[in-house]
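Values in this text are rule-based calculations from the coordinates and carry no lab data. Just so we're clear, the structure is a prediction, and the values are computed from it rather than from any experiment. A quick note on method: Cβ atoms are made from the backbone with ideal geometry, for glycine too, and the neighbour counts reach across all protein chains shown.
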Amino acid sequence: IRDRDVTGVQTCALPISTRATVPTRLSAAPIFSAADADVLRPTELRRVMPRWIPPTREMGLIAHTGLLELVIDEAGSVADATVTKPISPSYDQSLRDLARTWRYRPATREGQPVRYRIVLEIVLKPAE
């Protein structure tokens, strides 16, 4: 599922194969994922992507792909944002910072909000 293109940036939610069984440093609550069929995934409410300013002209001529892993808490806030496949140090930092401001309708299991891990593929395209 590809999301809207925002200033040359696309994201794509990727499935995660297993649910985290180890509590995170953020909470002792389990973290669910796409592997949990009985969980309704979170719905994006607000997302602002950082602007891509290539550090060199050559970097601006090719597409770049990275991965961003989010943990969305029971309130729909991004509790943790980790770049698991970097693009560039400056963009990665901006992406992490802005991702923490994104808001979601939380994932639910049996009608109750739950923590949820999602991986987004970040695609930076050359200017057309």
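Structural remarks
- The stretch 54-123: chymotrypsin sites (Phe, Trp or Tyr not before Pro) falling in loop per DSSP and having at most 16 other Cβ within 10 Å: none
- Candidates L124, S90, Y104 compared by Cα position along the dipole of the stretch 74-128: farthest toward the positive end lies Y104, with charges placed on Cβ.
- Amide H contacts under 5 Å for A34: I16, restricted to partners 5 or more places along the chain or on a different chain, H placed in the peptide plane at 1.01 Å from N.
- When you count the other C-beta atoms within 10 angstrom of each residue and take the mean per peptide, 92-100, 52-60 line up highest first as 92-100, 52-60.
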